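In what follows, a single structure is set out as structure tokens and then discussed.
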Amino acid sequence: MESIDINSLITDLALILVLGAIATVIFKMLKQPVVLGYIVAGFLASPHFALLPSVVVEANIEFWAQIGIIVLLFSLGLEFSFKKLIDVGGSAILTALIIVLGMMSLGYVVGKFLGYGLVNSLFLGGMISMSSTTIIIKALTDLNMRHRRFVPMTFAVLIVEDLFAVVMMVILSSIALGGSVKGGEMLGSILKLSFFLIMWFTVGIFVIPSLFKQFRRYISDEQMLIIAMGLCFAMVMFSVKSGFSAALGAFVMGSILAGTIEAERIERLISPVKDLFGAVFFISVGMMVNPTVMAHHWGVIALLAIVVIVGMIVFGTFGMLATGQPLKLALESGFSLTQIGEFSFIIATLGTGLGVLDKSIYPIIVAVSVITTFTTPFFIKQAEPCYNALYKILPKSWTRLLNGYSRNATESQAEESANPWKVIISRFLIRIIIYSVVLIALIVLCRTYLIPFMLDWLGDGDWGRLASAITSLILVAPLLISIMMPTVKKSEHELLVKASGNVSLVPIVVMTTVSIILATVFTASLMQGVYHSGAAVLIAVAAVIIIVVSVTLFPTPLRKRLTNIERQFISNINERENRRTGHENNLVSDLHLAYMKVGHDCPFVGEKLRNLDLRTRYGVNLVNIQRAGKLHAVPTGDMRIFPGDVLGVIATEEEIQRLLPLVEAQSIHAESPSQDVKFIHFAIGEHSPIVGKKLEDTRLREDYGALLVAVQRGEDDYLSPTRDLTFKPGDILWIVGDPKQLAKLK
């Protein structure tokens, strides 16, 4: 095994981090996104810049950069739970499909225009059709725009694009090697990807949140960081072993953990890790900038950069509009997708490895990626001005048409979701898919390991085969019973009768028949590991009949247990929402314990608890306040409520639902302000422009766009912001606003 040169590793890491620190400070002073500073630092550390020492071993940086991609995608998954992915899945798939197909067609046409052959043109189209998730994450973070309404939809599109990239690589490989697309291989790749995604999410969502709840009190911050990163890299390893990308595995594990009550804690703990390795990744991108190549192919690079930017804006905006999104959200999403990144490099590496890609294309794509990375923050910021300008020049009839289409699409989705049959059929399909995937995995394990082991241990005779068949059937029986459980609940049956007067038996019979057929097929497949096909089918039919009769005539504790398992699975998916509303946290009678985060516009902000009188006015009991990682159990009446606090309250479900809008005080669907609004505190000096003035004379809201929450005078003395309050030097202001504007008050 080749030894690692520790000296060169430390030297290279020191060089890029020092250059990165200097460059980012300069870019921050120039009010530019720090990701651009990282790229410049990478260029300065590369062999292409001779005035400074260069990296000794570039493979060292590539190693850290790959870890950076993994941590960045893991962090993204933590903010985008599986439930969110389901909620925006349909729109995201259609939008991503429009973008990928549109950009691939555009890239193919440009490739033919530049004189490339069929294969090179197709690879070029594939390389420019994938926006960079990591670059967009960093740009939105630097611009403090991760909370904007368009971000969840954009992230969903990016993840679907990454899934499409796996299939695209299979298609491009088939074309490169055989000159045509092998439909069977492509379908197999799609099915394999779907199988593993369902398996990962099903097992992960059921197991991990349950373990966290069981052992939560034993897990410190240090242990939680180790557990989170260990789970991340374990899923990365499993993803790579299954033939998928490391980035996909990292995102999947992040999405699984995002649904747990520990998501915010994990996100806070890995933030320094993400910042460190993310910086190395963007520095490594800057190291690939080659001025010689850029000078020689500047025309092609400029053309492709324009194609990427314009194409992504057009297809991204059109895709969002096609799924019923408002014009402003569609433009913001389209403008944020204007770059290519890591998947472009992966596809380029694939073409190079197959020996079918022109050698000049790889450095050209790197240059285009660097240019579009530089321009991404600027285009993200230009989305809103572009919308305002477009709104003014668009004919009013067009505006009404777009708004009407978006509203109709939303209303149509709401009507469909309220249809009882849609709910029943959707649940049936989801149950069939999930249980089928788990059953297939269990059958493969039984036929690969369990049955051969038992036949080897007990012998290949009749008794050995019988024992093997019975043991494997016992293992899969709970899943077979789950597939064949009743499709329509009693409450849903009553709702259907109330809606239409009678219930059609046709859908119920069809769903029941499908369930029985699937159970028979799976059982027969399992038995083929023990007996020949004819006997396996007979045993499967007999086993299914026995299960159907026993479940129908003799309800067992097992059936109740399976129902509880399904409820636990649904509860784990909705764990964070349940924690917020207290829905699944029932204490006694109809009282629930809920945790809600205080918004900036909450009317309680700055007030003492004794003045709020929450118990009398709202019927709730405040049991604790979590602030900056510290828990204040049974807070006193002198304690004040600040934005960002997490309130633990006990109340009935109706009282919690009535209190939630007041506490959170801002809808997640509302447009967020474009400026950097934060809740901060600082002391004012003798030369502050408000010293000696009364609050009513300072015009804080008008001149500074600020909301004063409280004034701290002394160690524990908090003053309410009354109109006649006079400011003194040394007062600590607890205030909401733009830090740049508020700096003038210091």
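Points to keep in mind about this one:
- Filtered residues of the stretch 132-150 (kept if surrounded by fewer than 20 Cβ atoms within 10 Å (Cβ to Cβ) and of a type in the set (Lys, Arg)): 146, 149
- Every residue from the stretch 673-709 that is hydrophobic (A, V, I, L, M, F, W, C) and either in contact with a Gly (Cβ under 7 Å, 6 or more places away or on another chain) or modelled with pLDDT of 80 or more (or both): 677, 679, 682, 683, 684, 690, 691, 695, 706, 707, 709
- Per the conditions (1) under 30 Å from residue 525 (Cβ atoms); (2) modelled with pLDDT of 80 or more; (3) surrounded by 15 or more Cβ atoms within 10 Å (Cβ to Cβ), the sole criterion not satisfied by residue 433 is (3).
- Of all residues in the stretch 36-66, those satisfying the criterion of being part of a helix (DSSP H, G or I), of a type in the set (A, V, I, L, M) and buried (at least 20 other Cβ atoms within 10 Å of the Cβ) are 36, 39, 40, 41, 44, 45, 61, 65.
- Residue identified as of a type in the set (A, V, I, L, M) and over 24 Å from the mean Cα position of the chain (by Cα) among 300, 273, 285: 300
- When restricted to residues that are β-branched (Val, Ile, Thr) and assigned to a helix (DSSP H, G or I), the stretch 113-132 contains 1.
Table: residues versus (1) in contact (Cβ under 8 Å) with a residue 40 or more places away in the chain; (2) not in a loop (DSSP other than H, G, I, E, B).
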position	(1), (2)
346	yes, yes
355	no, no
358	yes, no
362	no, yes
371	yes, yes
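- Exactly one residue among 341, 334, 351, 355 is out of contact with any Lys or Arg (no Cβ under 9 Å at 6 or more places or on another chain), of a type outside the set (Asp, Glu) and at positive phi, and that residue is 355.
- Flag for residue 190 being among the β-branched types (Val, Ile, Thr), part of a helix (DSSP H, G or I) and at pLDDT 75 or above: no
- In the stretch 578-605, the residues that are within 26 Å of residue 707 (Cβ to Cβ) and modelled with pLDDT under 80: 580, 599, 600, 601
- Residue within the stretch 91-107 that is modelled with pLDDT under 80 and not acidic (Asp, Glu) present: yes
- Residue match in the stretch 284-299 (condition: surrounded by fewer than 17 Cβ atoms within 10 Å (Cβ to Cβ), without any contact (Cβ under 8 Å) to a residue 24 or more places away in the chain and over 28 Å from residue 48 (Cα atoms)): no
- Within the stretch 108-152, the set of residues being of a type in the set (Gly, Ala, Ser) and more than 16 Å from residue 346 (Cβ to Cβ) comprises 111, 115, 117, 121, 139.
- Some residue of the stretch 227-241 being among the basic types (Lys, Arg) and closer than 25 Å to residue 72 by Cβ: yes
- Residues of the stretch 733-746 that turn out to be surrounded by fewer than 16 Cβ atoms within 10 Å (Cβ to Cβ) and either among the aliphatic types (A, V, I, L, M) or modelled with pLDDT of 80 or more (or both), as a count: 1
- Members of the stretch 341-386 found to be surrounded by fewer than 24 Cβ atoms within 10 Å (Cβ to Cβ), within 22 Å of residue 313 (Cα to Cα) and of a type in the set (Phe, Trp, Tyr), listed by number: 345, 374, 378, 379
- Scan of the stretch 512-539 for residues that are within 19 Å of residue 455 (Cβ to Cβ) and in a helix (DSSP H, G or I), ordered by number: 523, 524, 525, 526, 527, 533, 535, 536, 539
- Residue among 467, 477, 418 that is in contact with a Leu (Cβ under 6 Å, 6 or more places away or on another chain) and either more than 19 Å from residue 524 (Cβ to Cβ) or modelled with pLDDT of 80 or more (or both): 467
- Yes/no for residue 15 being loosely packed, with under 13 Cβ neighbours inside 10 Å and at pLDDT 75 or above: no
- Odd one out for residue 228 among (1) under 26 Å from residue 39 (Cβ atoms); (2) at pLDDT 80 or above; (3) of a type outside the set (Lys, Arg): (1)
Residue-wise test of (1) charged (D, E, K, R); (2) modelled with pLDDT of 80 or more; (3) in the same structural domain as residue 48 (by TED's automatic domain parsing).
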| residue | (1), (2), (3) |
| --- | --- |
| 265 | yes, yes, yes |
| 271 | no, yes, yes |
| 275 | yes, yes, yes |
| 280 | no, yes, yes |
| 290 | no, no, yes |
| 294 | no, no, yes |
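- Filter result (within 15 Å of residue 334 (Cβ to Cβ), over 13 Å from the mean Cα position of the chain (by Cα) and hydrophobic (A, V, I, L, M, F, W, C)) within the stretch 146-177: 150
- Scope the stretch 713-732; condition over 23 Å from residue 637 (Cβ atoms) and either at pLDDT 80 or above or among the hydroxyl-bearing types (Ser, Thr, Tyr) (or both); matching residues: 724, 726, 727, 728, 729, 730, 731
- Checking each residue in the stretch 368-396 for being of a type outside the set (D, E, K, R) and over 27 Å from the mean Cα position of the chain (by Cα) picks out 385, 386, 388, 389, 390, 391, 393, 394, 395.
- Matching residues in the stretch 323-340 - criterion: being out of contact with any Phe, Trp or Tyr (no Cβ under 9 Å at 6 or more places or on another chain) and surrounded by fewer than 24 Cβ atoms within 10 Å (Cβ to Cβ): 323, 326
The values are calculated or read from the model by the stated rules, or taken from the named source; none is laboratory data. Being a predicted model, the structure only gives us computed values, none of them experimental. Ideal geometry is used to build each Cβ from the backbone, glycine not excepted, and the neighbour counts take in all protein chains shown.
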